[in-house]
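Let me begin by presenting the structure, written as structure tokens, before commenting on it.
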Amino acid sequence: MLVPMVVSVRFFILCSFFSFIISSSIAHTSFRPKALVLPLTKDVSSSIPQYITKINQRTPLVPVKLTVDLGGGYLWVNCEDGYTSSTSKPARCGSAQCSLFGLYGCSGDKVCGRSATNTITGLSTYGDIHGDIVSVQSTNGNNPGRVVSVPNFLFICGSNSLQNGLASGVKGIAGLGKTKVSLPSQFSSAFSFKRKFAICLSSSTSTNGVIFFGDGPYNLNMDVSKVLTFTPLITNHVNTVSGFLGEPSVEYFIGVKSIRVSGKKVPLNNTLLSINQNGIGGTKISTVNPYTVLETTIYKAVADAFVKAVGAQTVAPVAPFGTCFATKDIGFSRMGPGVPSIDLVLQNKEVVWNIIGANSMVQLNDVICLGFVDAGSNPSTSKVGFVMGGLHPMTSITIGAHQLENNFLQFDLAASRLGFRSLFLEHTNCANFNFTSSA
Ligand SMILES: *[C@@H]1O[C@H](CO)[C@@H](O)[C@H](O)[C@H]1NC(C)=O
């Protein structure tokens with residue numbers, strides 16, 4: 001019995017050695033997932049709704065709640081508040097890990113770092129770059145599957161002050177933006193799957209929306225990857241958020257060519273719809289802005305056309321909105337309030353993002369308002385500043401979270417295109433991924 005025993009021990013050592021080599025470069029297990037899935041919960045514990053996900057991080061693993069920022073460049077986590085882990089490692093200056101972050105600084109003890117931003121409050125603080133194990137559920141698109149881990153997931157160490165303003169229990173921000181260190185990029189490179197990810201925001205605080213990393217199928221009672229319309233993602237060569245000075249924007253811009261209300265083109269200053277050489281103008285998508293923000297002349301033109309098309313009397317507006325009606329004057333259907341569709345016309349007349357009543361309107365009991373915010377209504381927001389929880393420098397149209405709810409969005413980074421579809425039109429919604437059963 002002695003000989004086989006020795007062989008098996010040697011075999012075991014060999015295997016562990018081999019798996020150690022693999023784990024230091026890619027993922028922790030030999031199982032190679034095709035996609036990953038995370039829940040996405042609407043949180044209204046603070047005044048501004050935030051969309052929250054949860055990952056497991058550290059050794060031993062602990063659940064970490066994070067606000068999701070579609071246009072954020074990286075993951076940052078508060079390291080000041082009880083961060084303990086036997087596997088956390090600082091990134092050494094000059095290492096490949098530091099350069100993945102683009103511009104970075106170096107501390108006295110030769111740990112690289114860069115500034116992390118709380119896009120809800122606008123505060124930025126410098127923090128060290130660390131790597132630690134992150135584990136999430138894989139998926140075949142239909143159910144959650146096996147848990148997989150990335151042993152050295154890179155993030156910036158945030159602080160208590162940076163965490164202020166995040167929803168209750170949230171320890172940091174998960175950036176999904178166009179960088180090499182955003183969550184989609186690190187997961188795609190760890191598991192060698194397609195550089196695609198998708199988000200679907202639930203409108204309810206009691207049901208989970210979903211984030212998928214990797215390609216479809218994406219089963220929300222039907223495979224929604226089959227019903228997407230595509231539009232190019234546009235690069236803004238100038239950053240529009242602090243913390244990325246001297247670097248291109250890592251947010252997702254699309255090309256809105258015109259806006260129609262009830263099928264009629266709204267007269268707009270077209271210059272505002274494209275991004276100029278200083279990075280000003282254009283249209284971006286944001287999960288940290290609760291409502292769509294429009295440059296002031298665009299807001300006025302759209303609101304005027306909308307009021308005419310609704311044909312009801314307006315009532316005194318409720319901030320932050322500027323255009324409201326009496327709820328009793330508006331009919332309701334399965335698609336939400338029965339108001340004219342607001343259509344964002346994209347690369348041509350046939351490619352249109354329809355904003356239906358459920359996404360355009362916000363009901364506040366007896367009053368129901370057009371859920372768009374005039375960027376010019378607050379002087380501090382006219383250049384670089386905040387409107388309702390997000391940075392609003394210079395971009396003419398920021399499509400906000402209320403307008404994204406129950407719309408499925410797939411970001412294809414390799415093809416640089418966005419796939420989108422309103423799930424109301426498919427008789428399903430973002431809460432229909434089956435998180436309970438295991439594949
Ligand atoms: C259109 O917008 C651009 C950029 O803000 C501005 O320079 C121009 O004067 C505007 N044109 C008109 C006709 O208002």
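I need the shape label for segment 33-94. Rule: rounded when a/c is under 1.5, else prolate if a/b > b/c, else oblate, with a, b, c from the alpha carbon gyration tensor. Spell out each step's value before the answer.
Working: a/c = 1.66, a/b = 1.50, b/c = 1.11.
Judged from the Cα gyration tensor, segment 33-94 comes out prolate (a/c at least 1.5, a/b above b/c).
What are the ³J(HN,Hα) couplings of segment 159-165, residue after residue, when phi is run through the Karplus curve with 6.51, -1.76, 1.60 and θ = phi - 60°? Round to Hz, x for glycine and proline.
10, 4, 5, 5, 6, 3, x
If I take every Cα pair under 8 Å that is 6 or more residues apart in the chain, average their sequence separation and divide by the length, what percent do I get for the relative contact order?
RCO, the chain: 18 percent.
Using the structure shown, list the pairs from Lys284/Lys349; Lys54/Lys180; Lys54/Lys349 with a Cα-Cα distance above 28 Å, or answer none.
Working: Lys284/Lys349 19 Å; Lys54/Lys180 21 Å; Lys54/Lys349 39 Å.
Too far apart for the 28 Å limit: Lys54/Lys349.
For the chain, what is the largest minus smallest coordinate of the Cα atoms on each principal axis, given in angstrom and ordered from greatest to least?
Extents along the principal axes, in whole Å: 90, 49, 38.
How would you classify segment 199-343 from its alpha-carbon gyration tensor, with a ≥ b ≥ c the square roots of the eigenvalues: rounded for a/c under 1.5, else prolate if a/b is greater than b/c, otherwise oblate? List each step's numbers first, then the result.
On the way: a/c = 1.81, a/b = 1.15, b/c = 1.57.
Verdict is oblate for segment 199-343.
If you take every DSSP beta bridge fully contained in the chain, what fraction is antiparallel? Give it as a percent rounded to 5. Display every interim value, and only then the final one.
On the way: 92 of 106 bridges.
About 85 percent, rounded to the nearest 5.
Points 7 angstrom from Cα along the Cβ direction at Met335 and Thr121: gap in nanometres?
4.2
Under 15 Å from the Cβ of Lys171, count the other residues' Cβ atoms, weight Lys and Arg +1, Asp and Glu -1, and hand me the total. List each step's numbers first, then the result.
On the way: positive: Lys54, Arg58, Lys65; negative: Asp43, Asp69, Glu80, Asp81, Asp132.
Net local charge, Lys171 excluded: -2.
Using a Gaussian network for the chain with springs between C-alpha atoms less than 10 Å apart, which of these wobbles most: Asn289, Asn164, Asn269?
The residue with the greatest mean-square fluctuation here is Asn269.
Residue by residue, what Karplus-based ³J(HN,Hα) values in Hz, rounded to whole numbers, does segment 301-318 have, using 6.51, -1.76 and 1.60 with θ = phi - 60° and x for Gly and Pro?
Once rounded to whole Hz, the list reads 5, 5, 5, 4, 5, 5, 4, 4, 5, 5, x, 10, 5, 7, 10, 4, x, 10.
Under the Karplus relation 6.51 cos²θ - 1.76 cosθ + 1.60, θ = phi - 60°, what is the ordered set of whole-Hz ³J(HN,Hα) values for segment 116-132, x standing for Gly and Pro?
10, 10, 8, 6, 7, 9, x, 6, 10, 9, 6, x, 5, 8, 10, x, 7
Using a ≥ b ≥ c from the Cα gyration tensor of segment 297-383 (square roots of the eigenvalues), is it rounded, prolate or oblate, where a/c under 1.5 gives rounded and otherwise the larger of a/b and b/c decides, a/b for prolate? Working shown, then result.
Values: a/c = 1.87, a/b = 1.02, b/c = 1.83.
Cα axes put segment 297-383 in the oblate bin.
With runs of 4+ DSSP H residues as the only contributors, calculate the mean residue ellipticity of the chain at 222 nm using -39,500 (n - 2.57) per run, divided by the residue total and rounded to the nearest 500.
Values: 7 runs with 64 residues, N = 439.
Computed mean residue ellipticity for the chain: -4000 deg cm²/dmol.
With r as the distance between the Cβ atoms of Ser86 and Lys257 and R0 = 56 Å, compute the FRET efficiency 1/(1 + (r/R0)^6) and round to 0.05.
Values: r = 54 Å, r/R0 = 0.96.
With R0 = 56 Å, the Cβ-Cβ based efficiency is 0.55.
GNM, the chain, Cα, under 10 Å: largest mean-square fluctuation among His402, His427, His130?
Greatest mean-square fluctuation among the candidates belongs to His427.
Say we join alpha carbon atoms closer than 10 Å with springs in a Gaussian network model of the chain; which of Pro340, Pro184, Pro290 then has the biggest fluctuation?
Highest fluctuation of the listed residues: Pro340.
Note the per residue figure in Å³ for the convex hull of the C-alpha positions in segment 35-214.
Output value, Cα hull per residue: 111 Å³.
Every number in this text was worked out from the coordinates using simple rules, so none of it is lab data. Fair warning: this is a prediction, and the values are worked out from it, not measured in the lab. Counting neighbours? That spans all protein chains shown, and the Cβs are built from the backbone with ideal geometry, glycine included.
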